[in-house]
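Quick notes on the structure that follows.
The values are calculated or read from the model by the stated rules, or taken from the named source; none is laboratory data. Bear in mind the structure is a predicted one, so any value in this text is a computation, not a measurement. Heads up, the Cβs are rebuilt from the backbone with ideal geometry, glycines too, and the neighbour counts pull from every protein chain shown.
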Amino acid sequence: MESQEFVKELVDTVNAFCRTLDDRPPAYSYIPLKTDEERVRVMQSRLFNELRAADLFGTWLRTTPEFEVKTLMAKSAGEEMVHAGLLANRIRELGHEPFDYSPLPAQTAMFNALEGLTDTCQRIAGFSLAGESVATYLIQKSLQAQSVPEWIKQPYRRISSDEETHGSMPQEILKRYATTPERQDVARRAVAMRLVLFGEYLSSLDRWSMGKGPW
Ligand SMILES: [Fe+2]
Ligand SMILES: [Fe+2]
């Protein structure tokens, strides 16, 4: 398959996943949340994601030979730490401790699984293309939602402009490198894996943040 056509297949898969969230936006988007206590929980969980994203990009640097991909990862690691700083400050301003948070088991599983990806196309497809596109989609929804307070929207306006590049640059990278059936196969599987695990994390965050379960 031509790599352009292949990238379109992946993007369509991710977009279809996003549309399944339309009817009932997850707690991750802050939209269904009713209290600041719930909102702070979700922000703590998403702060953890920013830190793990920085870890992943940093961890992958040494094993990424493609110059422009390595450059992008290094830049993204820095940006993820800026996002983490914005969210941590916001949580502190609300009178809570940003790092008083234990990752949800599904969240740990998702990041540990991503950490095990070894090929550049797998990593970029599974982490950046799949995950960051879903994150950007949900950030846009929360920025438009009336039920989301301004104190949440503020840091996410800055975060969203960075995340749009994290979600779109991968398409260019995959067009360039996902040129063999083998590379396309591992990248396709990485996207499928990420979406399964992301779905589990979103459901778990729904339960925990809204007080319906320990995770
Ligand atoms: Fe981020
Ligand atoms: Fe990102």
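Go through the residues of the range 143-160 one by one and say whether even a single one is outside any helix (DSSP H, G or I), of a type in the set (Val, Ile, Thr) and in contact (Cβ under 8 Å) with a residue 24 or more places away in the chain.
Yes, that holds for at least one residue.
Among the residues of the range 84-142, how many are farther than 22 Å from Arg157 by Cα and of a type in the set (S, T, N, Q)?
So the count comes out to 7.
Based on what the data block shows, is Lys141 under 15 Å from Glu164 (Cα atoms), surrounded by fewer than 22 Cβ atoms within 10 Å (Cβ to Cβ), of a type outside the set (Gly, Ala, Ser) and more than 13 Å from the chain's Cα centre (by Cα)?
It is true that Lys141 is under 15 Å from Glu164 (Cα atoms), surrounded by fewer than 22 Cβ atoms within 10 Å (Cβ to Cβ), of a type outside the set (Gly, Ala, Ser) and more than 13 Å from the chain's Cα centre (by Cα).
Is it true that Asp119 is out of contact with any Pro (no Cβ under 7 Å at 6 or more places or on another chain), surrounded by 13 or more Cβ atoms within 10 Å (Cβ to Cβ) and either β-branched (Val, Ile, Thr) or under 23 Å from Pro170 (Cβ atoms) (or both)?
Against the criterion (out of contact with any Pro (no Cβ under 7 Å at 6 or more places or on another chain), surrounded by 13 or more Cβ atoms within 10 Å (Cβ to Cβ) and either β-branched (Val, Ile, Thr) or under 23 Å from Pro170 (Cβ atoms) (or both)), Asp119 qualifies.
Report yes if some residue within the range 111-124 is among the small types (Gly, Ala, Ser) and at pLDDT below 95; otherwise report no.
no
Which numbered condition in (1) modelled with pLDDT of 95 or more; (2) within 30 Å of Glu2 (Cα to Cα) is the only one that Asp100 fails?
Going through the list (1) modelled with pLDDT of 95 or more; (2) within 30 Å of Glu2 (Cα to Cα), Asp100 breaks only (2).
Being among the charged types (D, E, K, R) and away from ligand 2 (no atom under 16 Å from the Cβ): is that true of Glu150 here?
yes
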